Amino acid sequence: MATAAKGKSAVVEKTAAEQVAVEIAGPSRREFLYYIWGASIVMLLGEATAGFIWYALPRFKEGEFGGIFPVSAAEIPEVDTAPVSVPAGRFWLSNTSEGFLALYAVCTHLGCLPKWVGVNDRFECPCHGSKFEDDGHYIEGPAPRGLDRFSATIIFTNGDVETTNGNGDPIPLNGREIAEVRVDTGAKITGPPHGA
Ligand code: FES
């Protein structure tokens, strides 16, 4: 009887010893592969989420060149008067009889900054003499085209909202009162060719 009890105790001890051995040995090869696979999936999802957030965030702050510039109605020049410069945004606000434009302030020849010359009613580049109309159309000089434009969105007090089309044509105001203009300096539109 005592011998049987002793044998049973030995079996229990052996089982416990085996259990300890298994715990010391750690996960099996299959379990280890599962862990690696799981960790890879988590890392992949993390990278994808970080990439999505990076692309979703605006790259430029509002009011920073490359981003959106809010312009109040008070800053818009009267129709057919001298364009107004917005140096921080590197553009001119121009209100012609055809409508409103935001003209990129950089000459399309070699990158100088044309000035508005009121007595001649046109932009004139100080570097090589290119000249442009108030809507940026090319007049003369070595510039390969008219001034480039930025896409703009006008919010009118009557609730209308209009955005520059793909050609960068002026947005007609048609007597509507402007509430706000938003100029997108990250959306440059190539200026009109000679003779356009
Ligand atoms: S940079 Fe303007 S004409 Fe040359």
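Where a number appears in this text, it was derived from the coordinates with a stated rule and is not lab data. Remember, predicted model here, so these are calculated numbers, not experimental data. Virtual Cβ from ideal backbone geometry, glycine too; neighbours counted across all protein chains shown.
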Looking for whichever is surrounded by 21 or more Cβ atoms within 10 Å (Cβ to Cβ), within 25 Å of the chain's Cα centre (by Cα) and within 16 Å of the ligand (Cβ to nearest atom) here; the options are Gly168, Gly191. Which one fits?
Gly191
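What do you reckon, is Phe69 more than 16 Å from the ligand (Cβ to nearest atom) and in contact with a strand residue (DSSP E or B) (Cβ under 7 Å, 6 or more places away or on another chain)? I'd like the intermediate steps shown before the answer.
Working: more than 16 Å from the ligand (Cβ to nearest atom): yes; in contact with a strand residue (DSSP E or B) (Cβ under 7 Å, 6 or more places away or on another chain): yes.
Against the criterion (more than 16 Å from the ligand (Cβ to nearest atom) and in contact with a strand residue (DSSP E or B) (Cβ under 7 Å, 6 or more places away or on another chain)), Phe69 qualifies.
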Of all residues in segment 76-107, count the ones that are assigned to a helix (DSSP H, G or I) and touching a residue at least 60 places away in the same chain (Cβ under 8 Å).
1
Filter segment 136-161 down to the residues that are of a type outside the set (Val, Ile, Thr), part of a loop (DSSP other than H, G, I, E, B) and either closer than 23 Å to Gly186 by Cα or away from the ligand (no atom under 16 Å from the Cβ) (or both) and list them by number.
Gly136, His137, Ala143, Pro144, Gly146, Leu147, Asp148, Asn158, Gly159, Asp160
Hey, among the residues in segment 72-119 that are of a type in the set (Ser, Thr, Tyr) and surrounded by 15 or more Cβ atoms within 10 Å (Cβ to Cβ), which one's nearest to the ligand (Cβ to nearest atom)?
Thr108
